[in-house]
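Structure first, commentary second.
The values are calculated or read from the model by the stated rules, or taken from the named source; none is laboratory data. Predicted model only: the values in this text are computed from it and were never measured. Glycine gets a Cβ as well: all are built from the backbone with ideal geometry, and neighbour counts include every protein chain shown. What goes into the accessible areas is simple: the full protein's heavy atoms, side chains included, and nothing from ligands, DNA or RNA. Shrake-Rupley method; radii C 1.70, N 1.55, O 1.52, S 1.80 Å.
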Amino acid sequence: MNESFIDLADVTVRFGGADNPQATLALDRTNLRIAQGDFVALVGPSGCGKSTILKLVGGLLSPSSGGVIVNSREVGGPARPRIGLAFQNPTMLPWLTIRDNIMMPLKIVEPFRQHYRAKKKGEYAARADALLAQVGLSGLGDKRPWQLSGGMLQRASLCRALIHEPQLLLLDEPFGALDQFTREELWAILQTLWLEQKPTVLLVTHDLREAAYLANRICVMSARPGRILEERHVDFARPRSIELSYAPECAELVQALRMRIAEARSDMASGAVPTLPVKPVPSIDIVKEAA
């Protein structure tokens, strides 16, 4: 097992102030450890705190209590790891070309920013074009965002998230707005990019088949206040094929996750709070596929 890269210890997040009776308890005593280079997916009912965990890890939010450690340092302190971000909305700057949008992290993040002026038209542009070719957008670097489809923009967004070789990649429903066929194409592209660069990945998704296809480990969260109810290791061999995501063993995993989330939604509707620790459901015996 690789060294722990992300460590959430008894993290609680309350929105609205500790003394406010109307405050929202988003996360309650949440614990999560992710090894360096691992690929972890967070799934659970809407509003359970998946994106809140993503913001905590990315330093966009501070916990009300508990500790958030990333790369052996408390989040928010100096020497932060390089982070790549991709969201459901690719948020490209419309006045820049696709290539310039992709190179934006190189303009901002050290050690690349100090060389940006000298390398932006040479090495950095070539790096952007190479990534574009890898995701099927070869020759489109000079286009503007409004000239590309939603699927093309999401491909470019992945390029932007990875161009600065991040240690940590945070993905918040990056494929949620796309049609099924485009989503599946991008799953395969993301898997290839992860296998090549091996950043630590934290993926928030409502698509259970997406989680099963992409992740090494799936964490199921309870309804609000969010907690990690259980973890499932996904032992499918890599590289994984789209056909695998329709195979019986994958369907069995997806159904088990669906039932667990349905239980969490039922708990939320009834007002019940799950007792911790939750007894883990026995792991599914997953058949490994040849590459």
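Observations
- Leading residue at positive end of dipole, the stretch 140-272 (Cβ point charges), from S222, S157, A256: S157
- Surrounding net charge for L257, when Lys and Arg each add one and Asp and Glu each subtract one, Cβ distance under 14 Å: 0
- Summing charges over all other residues whose Cβ lies under 11 Å from the Cβ of A125, with Lys and Arg as +1 and Asp and Glu as -1, gives +1.
- Helix-derived mean residue ellipticity, 222 nm - over the chain, DSSP H n ≥ 4, -39500 (n - 2.57), to 500: -10000 deg cm²/dmol
- Spherically averaged projected area in nm², based on the convex hull that wraps the Cα atoms of the stretch 110-268: 11.2 nm²
- The stretch 170-250 - convex hull of alpha carbons, volume per residue in Å³: 107 Å³
- Radius 11 Å from Cβ of L54, net charge of other residues (Lys, Arg +1; Asp, Glu -1): 0
- Mean projected area in nm² (Cα convex hull; one quarter of hull surface) for the stretch 1-133: 11.2 nm²
- Phi angles of the stretch 208-214 translate, via the Karplus equation with coefficients 6.51, -1.76, 1.60 and θ = phi - 60°, into HN-Hα couplings of 5, 5, 4, 4, 5, 6, 8 Hz per residue; Gly and Pro are given as x.
- Spin-label model, Q88 to Y246: label points 7 Å out along the Cα-to-beta-carbon direction sit 2.6 nm apart.
- When only Cα pairs below 8 angstrom with a gap of at least 6 residues are kept, the stretch 144-235 shows a relative contact order of 23 percent.
- Computed accessible area, H115, all protein chains, 1.4 angstrom probe, square angstrom: 80 Å²
- Among the protein heavy atoms of the chain, carbon and sulfur supply 51% of the accessible surface, probe 1.4 Å, non-protein parts ignored.
- On the beta carbon distance between R144 and A237, with R0 = 35 Å, the FRET formula returns roughly 0.30.
- Rounded accessible area per residue of the chain, 1.4 Å, Å²: 48 Å²
- Only the Cβ atoms of Lys and Arg (+1) and of Asp and Glu (-1) were treated as charged; on that basis the dipole of the chain about its Cα centre amounts to roughly 960 debye.
- For the chain, the relative contact order works out to 23 percent when only alpha carbon pairs closer than 8 Å and six or more residues apart are counted.
- Legend: calculated FRET efficiency, R33 to M259, from the Cβ-Cβ distance at R0 = 35 Å, rounded to 0.05, equals 0.90.
- Along the axis of the charge dipole computed for the stretch 1-101 (Cβ charges of +1 for Lys and Arg, -1 for Asp and Glu, origin at the Cα centre), the listed residues L8, I83, V70 are led at the positive end by I83.
- Annotation: amide H of G84 within the under-5 Å range of L168, L169, L170, sequence separation 5 or more or interchain, hydrogens built in the peptide plane.
- Counting every C-alpha pair in the chain, the share spaced more than 35 angstrom apart comes to 20%.
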